[in-house]
1. Can you confirm whether the stretch 59-69 contains a residue that is in contact with a strand residue (DSSP E or B) (Cβ under 9 Å, 6 or more places away or on another chain), within 16 Å of ligand 2 (Cβ to nearest atom) and open to solvent by 70 Å² or more (accessible area, probe 1.4 Å)?
2. Criterion first (modelled with pLDDT under 95, touching a helix residue (DSSP H, G or I) at 6+ places or on another chain (Cβ under 8 Å) and under 18 Å from LEU33 (Cβ atoms)) does LEU96 satisfy it?
3. Could you list all residues from the stretch 63-93 that are more than 16 Å from ligand 1 (Cβ to nearest atom), touching a Lys or Arg at 6+ places or on another chain (Cβ under 7 Å) and either at pLDDT below 95 or not polar (S, T, N, Q) (or both)?
4. What are the pairs, 6+ residues apart or on separate chains, where a residue within the stretch 73-87 that is more than 20 Å from LEU49 (Cα to Cα) and touching a residue at least 24 places away in the same chain (Cβ under 8 Å) has its Cβ under 9 Å from a residue that is among the small types (Gly, Ala, Ser) and within 10 Å of ligand 1 (Cβ to nearest atom)?
5. Need the failing condition index for CYS31 against (1) in contact with a strand residue (DSSP E or B) (Cβ under 9 Å, 6 or more places away or on another chain); (2) open to solvent by 70 Å² or more (accessible area, probe 1.4 Å); (3) not in a loop (DSSP other than H, G, I, E, B), just the number.
6. Taking PRO5 and the conditions (1) within 15 Å of ligand 2 (Cβ to nearest atom); (2) modelled with pLDDT of 95 or more, which numbered condition does it fall short on, given that it satisfies the others?
7. Which ones in the stretch 34-48 are more than 14 Å from ligand 1 (Cβ to nearest atom) and surrounded by 11 or more Cβ atoms within 10 Å (Cβ to Cβ)?
8. What are the residue pairs meeting all of these: first residue in the stretch 8-29, first residue in contact (Cβ under 8 Å) with a residue 24 or more places away in the chain, second residue open to solvent by less than 70 Å² (accessible area, probe 1.4 Å) and more than 16 Å from ligand 1 (Cβ to nearest atom), Cβ atoms under 7 Å, and 6 or more apart or on different chains?
Amino acid sequence: MPRKPSERYPLNWSDIALDIKQSVNWRCSKCGLQCIRPDDDTSKLERSLRMALTLTVHHRNFLPEDNRRENLCALCTACHLSFHTRRRGNVSPGQLSLF
Ligand SMILES: [Zn+2]
Ligand SMILES: [Zn+2]
């Protein structure tokens, strides 16, 4: 039985991801978009905008087990999605936190 993607992540994934995001100052490393920081007030943003401004961490080699620093990069949702749609074609934005 194939394992769920979330089970391929280390327990400290959120710490690793946070570290990457902080190191790039919450900016997308592809397009430079300033994304939402943890202390930003997002209560007035629409859900779709909040999604667009959410910084995610991407695995360059598409292997969630490989959490070496050089394999990780911070991307906004649109840029992250473009990497995955080019490769798989069936990833929804909601799934991106898993990739
Ligand atoms: Zn971007
Ligand atoms: Zn990714």
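The values are calculated or read from the model by the stated rules, or taken from the named source; none is laboratory data. What you see is a predicted model, and the numbers here were worked out from it, not measured in a lab. Here the Cβ positions follow ideal geometry from the backbone for every residue, glycine too, while neighbour counts run over all protein chains shown. Heavy atoms of the whole protein, side chains included, go into the accessibility calculation; ligands, DNA and RNA do not. Shrake-Rupley method; radii C 1.70, N 1.55, O 1.52, S 1.80 Å.
1. Scanning the stretch 59-69 turns up at least one residue that is in contact with a strand residue (DSSP E or B) (Cβ under 9 Å, 6 or more places away or on another chain), within 16 Å of ligand 2 (Cβ to nearest atom) and open to solvent by 70 Å² or more (accessible area, probe 1.4 Å).
2. Considered against the rule, which asks whether it is modelled with pLDDT under 95, touching a helix residue (DSSP H, G or I) at 6+ places or on another chain (Cβ under 8 Å) and under 18 Å from LEU33 (Cβ atoms), LEU96 comes out as yes.
3. PRO64, GLU65
4. Close Cβ pairs (under 9 Å, with a partner that is among the small types (Gly, Ala, Ser) and within 10 Å of ligand 1 (Cβ to nearest atom)) amount to CYS73/SER29.
5. (3)
6. Here PRO5 clears every test but (2).
7. Scanning the stretch 34-48 gives ARG37, ASP40, THR42, LEU45.
8. ARG8/PRO64; TYR9/PRO64; PRO10/ASN67; ILE16/ASN67
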